[in-house]
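> Please find one structure pasted underneath; my questions will follow.
Just so you know, all these numbers are worked out from the coordinates, no wet-lab data involved. These numbers come from a predicted model, not from an experiment. No Cβ is skipped: glycine too gets one built from the backbone with ideal geometry, and neighbour counts run over all protein chains shown.
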Amino acid sequence: MASQFPDIEPQEPVIVESDVEITLDSESVDWERGDVLTLPEGVLVHVLNENEPEHRLDFLVKFPPGYVEPEHTHKGAHASFILDGRMLVHGHELTPGDYLYGHAVDHGPMEYPDGCVIFTSFVGGSVRHEEWEA
């Protein structure tokens, strides 16, 4: 039986800044081009789990230094946990241990001034970026 993402109202982004400490050796990860995200060249991914009946994809994403991800939306929802580097989003500076959630509403831009590695879990829809801010 295939799981469907519940038909609920989109939720505004949630940002949680924490004091959790994370250690990651990103050089030992088997990175691939980030084509699954439909982002411009330079983003790398490492897929950890893909469950098509649930429309779920769990993966690591590596953004290069100076990368800016424009404002966008996705179908479904995603939760992201910062593992390494910095993410600047919605007036917050997120660092390792911080958390970000978004569900079918515009979010971003997201800036990665020093580069960044995140764990992201998408569920209930495509990870493709649907809209870009002009």
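> I need to check one value: relative contact order of the chain, counting alpha carbon pairs closer than 8 Å and at least 6 residues apart, in percent.
Taking the mean separation of contacting Cα pairs over the length of the chain, I get 33 percent.
> Which of 57, 94, 42 sits closest to the plus end of the dipole of the chain, meaning its Cα is farthest towards the positive end, when Lys and Arg get +1 and Asp and Glu get -1 on the C-beta?
The Cα lying farthest towards the positive end belongs to 57.
> Could I ask something else about it? Anyone know which of 54, 27, 17 comes out most mobile in the 10 Å Cα GNM of the chain?
Result for the chain, Cα springs under 10 Å: 27 fluctuates most.
> When 75, 62 are ordered from fewest to most other Cβ atoms inside 10 Å of their Cβ, what list results?
Result, fewest neighbours first: 75, 62.
> Taking the square root of 5 times each eigenvalue of the Cα gyration tensor, what semi-axes in Å does the equivalent ellipsoid of region 56-127 have, largest first?
Ellipsoid semi-axes (Å, largest first): 19, 13, 10.
> What whole-number value in cubic angstrom gives the convex hull volume per residue for the C-alpha atoms of the chain?
Here the figure is 112 Å³ per residue.
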